[in-house]
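S.K.: There's a structure below that I have some questions on.
The values are calculated or read from the model by the stated rules, or taken from the named source; none is laboratory data. Computed from a prediction, not measured in an experiment: that's the story for all the values here. Quick reminder, even Gly has a Cβ in these numbers, built from the backbone with ideal geometry, and neighbours come from all protein chains shown. Just so you know, the surface numbers come from the protein's heavy atoms only, side chains and all, with ligands and any DNA or RNA stripped out. Shrake-Rupley method; radii C 1.70, N 1.55, O 1.52, S 1.80 Å.
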Amino acid sequence: MKHILLSIFAFLAAVSAGAQSVKSPDGNMVVNFSLDQGRPTYTVDFKQKNVVKPSHLGLQLAKGGADLMDGFVVKDTKTASFDETWTPVWGEESSIRNNYNELAVTLDQPSTQRSIIIRFRVYNDGVGLRYEFPRQKNLVYFTLKEEKTEFAMAGDHTAWWIPGDFDTQEYSWTKSRLSEIRGLMPAVVKAHSDNSSWETFSDTGVQTTIQMKSDDGLYIAIHEAALVDYSCMHLELDDRTMTFTSFLTPDAEGYKGYLQAPCTSPWRTLRITETAAEQLASRLTLNLNEPCKIEDTSWIKPIKYCGVWWEMISGHQTWSYTNDLPSINLTIDDYSKVKPNGTHGATNEAVRKYIDFAAANGLQQVLVEGWNIGWEDWFGHQKDYVFDFQTPYPDFDIKALNEYAHSKGVRLMMHHETSSSVRNYERHMEAAYTLMNKYGYNSVKSGYVGNIVPRGEHHYGQWLVNHYLYAVTEAAKHKIMVNGHEAIRPTGLCRTYPNLLGNESAKGTEYEAFGSLYPAHTTILPFTRLNGGPMDYTPGILETDLTWAGNKNKVNTTLVGQLALYVTLYSPLQMAADTPENYAKYMDAFQFIKDVAVDWDRSLYLEAEPGEYLTIARKEKGKDNWFVGCKTNENAHESVLTLDFLEKGKKYEAVIYADGKDASWDKNPKAYTITKRTVKAGSKLKLKAAPGGGYAISIMPMTK
């Protein structure tokens, strides 16, 4: 009888505290929710291991009354299950399963007569949670002082992180214990303080995605999904308790967001798996976004391209047309009496060369940067009226070049560098997109280098988050695909708006020319930056010695390591980033870049460890061609691959692009071999990746 009474009392106490649990479809992931003296609290367990200790949820308000932090009672709870398979317009596979169990807890705050909903979605590989604000009398317009979502880690995990920064993700990744972040932060920030726009906020503040590994072997990543009309979330670590707390990007007045009910926050995500390969296979972020909102997607196509870019990045040529103008006021008349500098990259002659190269090698588009007037004083001045995105330089014939490209079956890719004068871009956006339609452009690479105008706003604040999405949705009206550089790191919105074909939002290949990348960098990005969506990394630099451009730096991978990136760094937008002259030296290796697909039916993550190595096999969409890529860090790596994913009963030719016997990223980067083998389902390949290198394999059915 005593035990029965204790059980009844425990049950009544749980009900009064609003205790609820929800499990993943396979039962291994468990989220427990309760009220801790009126404060919303949750925990997460995975396979009976505690991953997130009791962590509080809530929001502080700057305007609009009492905080939404405590004093809550449970008004209602609802559970649901969901299971669908959806088809992405493009992606790492041709279908994605979205299967979760859900718990929605409605909380009342009697003292203010307000209510919020906290919704959990629990997947086999992770958890999403968000705040929802129903339409109600006493919570209509409100301003966030801060969101206080906690993630109390169950240990001092190993982590791969970059500093919390309101304006850039272009940092090198640091590996350390969570407890070591504070001591390492000053040096990490100092090493990067030459970025054109940056602002860190804390000695323990980091950005998402942060990838972690526990001592007992679990892989855990924190990020967000469906970031719309809200500020980007960073994380501030209490290194005494190993608890992360959300830290939103402020606006020019220091506020974190202006909301109007009904509305929701973005999803806060935890990706939790037993292996690193399962981290890469997770589609949690995409699944937490809304389905595609573009009715006709037939015009959205993955792109392989080249362009007038690396010659400028490497220092060989310039974006500007002349050195004679200390400032300009956006009129073509400024250029009528000046001398061309002789280093301008976007000339008629140069662009035709790239068009011919693209046409000869099956590349669909040619990016041209520096085609439009204004580059002479675009950088560092925070000008309002900086570019018009319509007027070409005297040596760039926009009509003739597009006609020439179309005659060769190639398109030009537009470039819009806003120099972060966002008001100016919105001022010209409609006319710029209309110009693109006139000349047959269907894709644009946009850029946001420098401090934001309006002054005081940040790249990752609510105002800019809304701008980036506005640029994408307006582009969709013109059937234009967008590749945003220096924009907010992605959160899976490419599911909803698949014309958002790619982003940069991390250190890409350009930093090879600046001498500040290291071989492990590309073995970390798939676990961190690529969590939210594909990256326009611009791989394929086969001439790793940059002395041809007068540049003393070298590319810090082997030549074959560059080939592997086309498979290991997923993107539907892949650039053959080197110059035609450099590719002419290595046409046998360039064949892999010509062959490799950019859209896939299946992706298999064969082996992986963050910061060390990863090997991925992908099947080309609609074909029986497979491509394999392996990329490693500063150490060599050996693989034994079993090709059990091939169709049984078929013979295939495997072309293996491998590092040479004595290859290494620092001493002998250009040594490589190319061999061919006949393979079938179950064949085994023993392969070695050199330090800073990798291997790349094309596997295609034999016709005889």
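S.K.: What's the long-distance tail for region 551-704, i.e. % of Cα pairs beyond 24 Å?
M.R.: 29
S.K.: What percentages, rounded to whole numbers, describe P(r) for region 416-524 computed over all alpha carbon pairs with 10 Å bin width beginning at zero?
M.R.: 13, 44, 32, 11, 1
S.K.: For region 205-337, take the alpha-carbon Rg, divide it by the Kirkwood Rh, and send me Rg/Rh.
M.R.: 1.12
S.K.: Compute the projected area of the convex hull of the Cα atoms of region 107-161, averaged over all viewing directions, and report it in nm² to one decimal place.
M.R.: Mean orientational projected area (region 107-161, Cα hull): 6.4 nm².
S.K.: Using +1 on the beta carbon of Lys and Arg, -1 on that of Asp and Glu, and nothing else charged, what's the dipole of region 256-406 about the Cα centre, debye to 20?
M.R.: 540
S.K.: What do you get for trypsin sites (Lys or Arg not before Pro) in region 89-194 restricted to DSSP loop and a cutoff of at most 12 other Cβ within 10 Å of the site's Cβ?
M.R.: Filter output for region 89-194: R135, K137.
S.K.: In addition: Are there chymotrypsin sites (Phe, Trp or Tyr not before Pro) in region 297-368 that DSSP marks as loop and that have at most 13 other Cβ atoms within 10 Å, and which are they? Show your work: numbers first, answer last.
M.R.: Values: sites: W299, Y305, W309, W310, W319, Y321, Y335, Y354, F357; in loops: W299, W309, W319, Y321.
Counting only loop positions with at most 13 other Cβ atoms within 10 Å, the chymotrypsin sites (Phe, Trp or Tyr not before Pro) in region 297-368 are W299.
S.K.: Can you compute the equivalent ellipsoid semi-axes for region 645-692, i.e. the square root of 5 times each eigenvalue of the Cα gyration tensor, sorted largest first and rounded to whole Å? Walk me through the intermediate numbers first.
M.R.: On the way: eigenvalues 159, 20, 9 Å².
Ellipsoid half-lengths, sorted descending, are 28, 10, 7 Å.
S.K.: Given region 129-208 reduced to its alpha-carbon atoms as identical point scatterers, what log10 I(q)/I(0) does the Debye formula return at q = 0.17, 0.18 Å⁻¹?
M.R.: Per q value, in the given order, log10 I(q)/I(0) is -0.78, -0.83.
S.K.: If the only charges are +1 at each Lys and Arg Cβ and -1 at each Asp and Glu Cβ, what is the size of the charge dipole of the chain around the Cα centre, to the nearest 20 debye? Present the calculation step by step, with values, prior to reporting the outcome.
M.R.: Details: 73 positive and 84 negative charges, 372 e Å.
My answer is approximately 1780 debye.
S.K.: A further question on this structure: Given 10 Å bins starting at zero, what is the percent of C-alpha pairs of region 587-656 in each, up to the one with the largest pair distance?
M.R.: 16, 47, 33, 4
S.K.: Heavy atoms only, probe 1.4 angstrom, no DNA, RNA or ligands counted: give me C494, C292 ranked by accessible area, highest first.
M.R.: C292, C494
S.K.: So which trypsin sites (Lys or Arg not before Pro) in region 447-524 end up in coil per DSSP with only 15 or fewer other C-beta atoms within 10 Å?
M.R.: Passing both the DSSP loop test and the Cβ count: R455.
S.K.: Okay, moving on. If one computes P(r) from the Cα atoms of the chain, what percent of pairs lie at distances over 40 Å?
M.R.: Result for the distance tail: 32 percent.
S.K.: Heavy atoms only, probe 1.4 angstrom, no DNA, RNA or ligands counted: give me W548, W378 ranked by accessible area, highest first. It would help to have the intermediate numbers written out before the result.
M.R.: Numbers: W548 75, W378 50 Å².
Result of the area sort, largest leading: W548, W378.
S.K.: Sticking with this structure for a sec: Which of the peptides 417-428, 529-540 is most tightly packed, and how do the rest follow, going by the mean number of other Cβ atoms within 10 Å of each residue?
M.R.: 529-540, 417-428
S.K.: With N set to the number of residues, divide the alpha-carbon radius of gyration of region 617-670 by 2.2 N^0.38 Å and report two decimals. Please report the intermediate quantities before stating the final value.
M.R.: Working: Rg = 14.4 Å, N = 54, 2.2 N^0.38 = 10.0 Å.
Cα-based Rg divided by the globular estimate yields 1.44.
S.K.: Using only the alpha carbons, work out the radius of gyration and Dmax of region 276-397 in angstrom.
M.R.: 19.7, 61
S.K.: Can you send over the solvent-accessible area of D70, 1.4 Å probe, protein chains only, in Å² to the nearest 10?
M.R.: 80
S.K.: Let me ask something additional. How much net charge surrounds R39 when only the other residues with a Cβ under 13 Å from the Cβ of R39 are counted, with Lys and Arg +1 and Asp and Glu -1?
M.R.: So the surrounding residues net to -3.
S.K.: Continuing with the same structure: How much space per residue, in cubic angstrom, does the convex hull of the C-alpha atoms of region 102-246 take up?
M.R.: 141
S.K.: Still on this model: Each label point is 7 Å from the Cα along the Cα-to-Cβ direction; what then is the distance between the points at Q260 and L184, in nm?
M.R.: 4.4
S.K.: Within 10 Å, count the other beta carbons around each residue, average over each peptide in 208-214, 262-268, 45-51, and list them highest first.
M.R.: Answer by packing, highest mean first, reads 208-214, 262-268, 45-51.
S.K.: Can you tell me the relative contact order of region 54-110? Whole percent, Cα pairs under 8 Å, sequence separation 6 or more.
M.R.: Value for region 54-110: 36 percent.
S.K.: Next up: Could you give the length gained by full extension between E581 and F514, i.e. 0.36 nm per residue of separation minus their alpha carbon distance, to one decimal place?
M.R.: 22.0 nm
S.K.: Ok, one more. If I model a spin label as a point 7 Å beyond the Cα along the Cα-Cβ vector, how far apart are those points for S603 and M700 in nm?
M.R.: 2.3
S.K.: Hey, what did the chain get for relative contact order, percent, Cα under 8 Å, at least 6 apart?
M.R.: 11
S.K.: Next up: With both bridge residues required to lie in the chain, what share of the DSSP beta bridges run antiparallel, to the nearest 5%?
M.R.: Rounded to the nearest five, the antiparallel share is 85 percent.
S.K.: Please name which of W309, Q364, Y404 has its Cα lying farthest along the dipole of region 308-424 towards the positive end, using unit charges on Cβ (Lys, Arg +1; Asp, Glu -1) and the Cα centre as origin.
M.R.: Q364
S.K.: Still on this structure, I have one more. Viscosity 1.567 mPa s, temperature 4 °C: what is the translational diffusion coefficient of region 424-467 from Stokes-Einstein with a Kirkwood Rh over Cα pairs, rounded to a whole number of µm²/s?
M.R.: Result for D is 107 µm²/s.
S.K.: Quick one: grab Rg to one decimal and Dmax as a whole number for region 342-487, Cα atoms only, in Å.
M.R.: 15.4, 47
S.K.: With the crude spin-label approximation of a point 7 Å out along Cα→Cβ, what separation in nm comes out for F82 versus R455?
M.R.: Here the answer is 4.5 nm between the modelled labels.
S.K.: Give the ranking of L517, L604 by solvent-accessible surface, highest area first, calculated with a 1.4 Å probe.
M.R.: Values: L517 10, L604 40 Å².
So, going from the largest accessible area down, we get L604, L517.
S.K.: Quick one: Debye curve from the C-alpha atoms of region 15-67, no solvent, what's log10 I(q)/I(0) at q = 0.14, 0.18, 0.25 Å⁻¹?
M.R.: At q = 0.14, 0.18, 0.25 Å⁻¹ the computed log10 ratios are -0.46, -0.65, -0.94.
S.K.: Lysines near K23 by alpha-carbon distance under 21 Å, same-chain residues fewer than 8 away left out - which ones?
M.R.: List returned: K47, K49, K53, K78.
S.K.: Determine the gain in length on full extension of the stretch K676-K49; use 0.36 nm per residue of separation and subtract their C-alpha separation, reporting nm with one decimal. List each step's numbers first, then the result.
M.R.: On the way: separation 627, 0.36 × 627 = 225.72 nm, distance 4.67 nm.
My answer for the length gained is 221.1 nm.
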